C-alpha cells in the first residue's frame, strides 16, 4: 500500500461501497435471512478478509451464488442461529483447506470456462437489473402469457426511475470517453460516484411531482437503529448447542466446498483481468475466506466468498491495491452505523445503471467473436459455460463447461496421439508402405485410435512404427503394438520399429533443463 495507489484506491472503494451496499441487502433478502446479516457479511468480507488476503483486486462479501444454498439450509435447520453455526464451522474447514494447500485446484480451470463464467455472470447482472432500471423491481408482473407479462411490465414502468437510469447510463458512458479521461480535473471524479450524486439530486427534485416521485421500494433500504444499543442488538450468536446435529455438519461442508470453489474461480478470473498481471496466492486466500466466514457466522452474518461483481467494479474503477477492499468495508460499517437515513435516499435505478454497464464489460460482443476465432475447442466450452451459468447456476454452468473442455481435450488427445502417413506410391514389389509416427506423449486415452489404425492396415503391407519422438508410451499401448508385431506375419505384414535414439534422448533432456531454467 502506498500513497500513489491510494489516490486510485480511495475513489474506487467509494464506488465499490455503493455497489456492495444494495448487493449485501439483496443477497440477504434472496437468502431468507435478516437484512442486517448481509451487511455484516459485507463488512467482514471487506475489512477482515481484505486484511488477511493477498488478492490485490478481489472483493469479498455475501455471494448471490450461495443464496439458494443458504435459503434451503435455513429452512432445513429450522433456525437462523443454527445456520450461523454451520457458517462458523464451514469457515474453519476452509482454513484447513488452505493449510492443506488445496488452493491449487483453481489453476485447473481453462480460460474458455473462466471467460464463459464471466460472460454468463455479466448477462445475469444485466437481466437482473432491468426491472430496477425501469422501476418495476418488486412489482408482481405475472400474466397468463409472455405477451401479458410484457404488457404488465411496460404498464408499470416508472417515469422518474427511467429518467434517473437513462441519465446515469449517459453519464457513465461519457465518463469512459477519452475527452473525460484526458481531462485532469474531470478524470479525478469516478463516473459512478457522479452518477449516484446526480441520481440523489434528481430524486429530491422529483418529490413534488406525482408522476416522477420515487417510492420507498425504488430506493435503497438500510435498517435504521434508534441508538447504539439497538445497532449492536442486531448481531446474533450461533447456537453452539447444535454441534452434535449431523445436518449442521452437512451444511458446513457444503458451504466450505461451494464458497471455496466460487472464491478460486473468482481469483482466477480477476487475476486474469488484472492489468498488472499479479498472481494471488490461493492457499492464503482460502485461509482468509475461512477466517472471514467463521467470524461472520459468529456475529450473525451470511457466508462470504470473493465475488466477481464487486471485484470487477473494483478493477474497472481503477483500484490498484487491496486498500480499496478494506476501505469499502469500513465505509459500509460507518455508514450503516451512522448514516442509514442518508443512504436510503439513493435510487436503485442508478445502482442498476452501474451494474448494467459492468455486466456489459464482462459480456462484450467482441469476446464472443474472439472465442469463435479461437476454434471449436475454445468456443464450445465457452458457450456451454455461458448458457449453463445463465439458465442454471454458477457452479452447474462451470461444471458443464469443464465437462465440455475435458471432452475437447480428450478428443484432441485422441486425434494427436500419432500421425499416419499413407503414401500413394508403392514399393518395388507393389507393397503399400504405411508410416505410423507416435507423438511425444502416448497415454491410455490413445489406445482406441492406435488400435483402430493398426487394425486397418491391409495385408502384405510394410509398416514403419516411428518412436523417435516418443518420450512416454503407456503400457497398454505398448502391448497393442507388441501384439500387432507378433501377429503381423500371419497376414504377410512386415513391421519395422524405429526406436528412440540416444541423441534424441539427450536433446530432449537439454530442452527440458532449458525450459526449467
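The values are calculated or read from the model by the stated rules, or taken from the named source; none is laboratory data. Since we're looking at a predicted model, the values are computed, not measured. Every residue, glycine as well, gets a Cβ built from its backbone with ideal geometry; the counts of neighbours run over all protein chains shown.
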Any idea which of (1) out of contact with any strand residue (DSSP E or B) (no Cβ under 8 Å at 6 or more places or on another chain); (2) over 30 Å from residue 238 (Cα atoms); (3) surrounded by fewer than 17 Cβ atoms within 10 Å (Cβ to Cβ) is the one residue 334 doesn't satisfy? (2)
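Let's see how each residue does on (1) in contact (Cβ under 8 Å) with a residue 60 or more places away in the chain; (2) within 30 Å of residue 396 (Cβ to Cβ); (3) touching a strand residue (DSSP E or B) at 6+ places or on another chain (Cβ under 9 Å):
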| residue | (1), (2), (3) |
| --- | --- |
| 237 | yes, no, no |
| 248 | yes, yes, no |
| 252 | yes, yes, no |
| 255 | yes, yes, no |
| 258 | yes, yes, yes |
| 268 | yes, yes, no |
Scan segment 151-177 residue by residue and report those that are over 16 Å from residue 190 (Cβ atoms), free of Cβ contacts under 8 Å to residues at least 40 places away in the same chain and assigned to a loop (DSSP other than H, G, I, E, B). 156, 157
Quick one: which of 385, 358 is part of a helix (DSSP H, G or I) and closer than 24 Å to residue 174 by Cα? 358
Taking helices (runs of 4 or more DSSP H) that fall entirely within segment 402-517, which contain at least 2 residues that are surrounded by fewer than 16 Cβ atoms within 10 Å (Cβ to Cβ), touching a helix residue (DSSP H, G or I) at 6+ places or on another chain (Cβ under 7 Å) and at pLDDT below 80? none
Scan segment 87-108 and give yes if some residue there is surrounded by fewer than 20 Cβ atoms within 10 Å (Cβ to Cβ), in a loop (DSSP other than H, G, I, E, B) and touching a residue at least 60 places away in the same chain (Cβ under 8 Å), otherwise no. yes
Considering 217, 195, which residue is in a helix (DSSP H, G or I), closer than 17 Å to residue 157 by Cβ and within 35 Å of the chain's Cα centre (by Cα)? 217
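Okay, residues lined up against (1) modelled with pLDDT of 95 or more; (2) more than 27 Å from residue 340 (Cβ to Cβ):
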| position | (1), (2) |
| --- | --- |
| 7 | no, yes |
| 14 | no, no |
| 17 | no, no |
| 25 | no, no |
| 31 | no, no |
| 50 | yes, no |
| 67 | no, no |
Working carefully through the options 27, 44, 48, 14, find the one that is part of a helix (DSSP H, G or I), assigned by TED's automatic domain parsing to the domain that holds residue 237 and surrounded by fewer than 20 Cβ atoms within 10 Å (Cβ to Cβ). 14
Quick check on segment 242-251. Is at least one of its residues out of contact with any helix residue (DSSP H, G or I) (no Cβ under 8 Å at 6 or more places or on another chain), under 18 Å from residue 57 (Cα atoms), surrounded by fewer than 19 Cβ atoms within 10 Å (Cβ to Cβ) and in the same structural domain as residue 56 (by TED's automatic domain parsing)? no
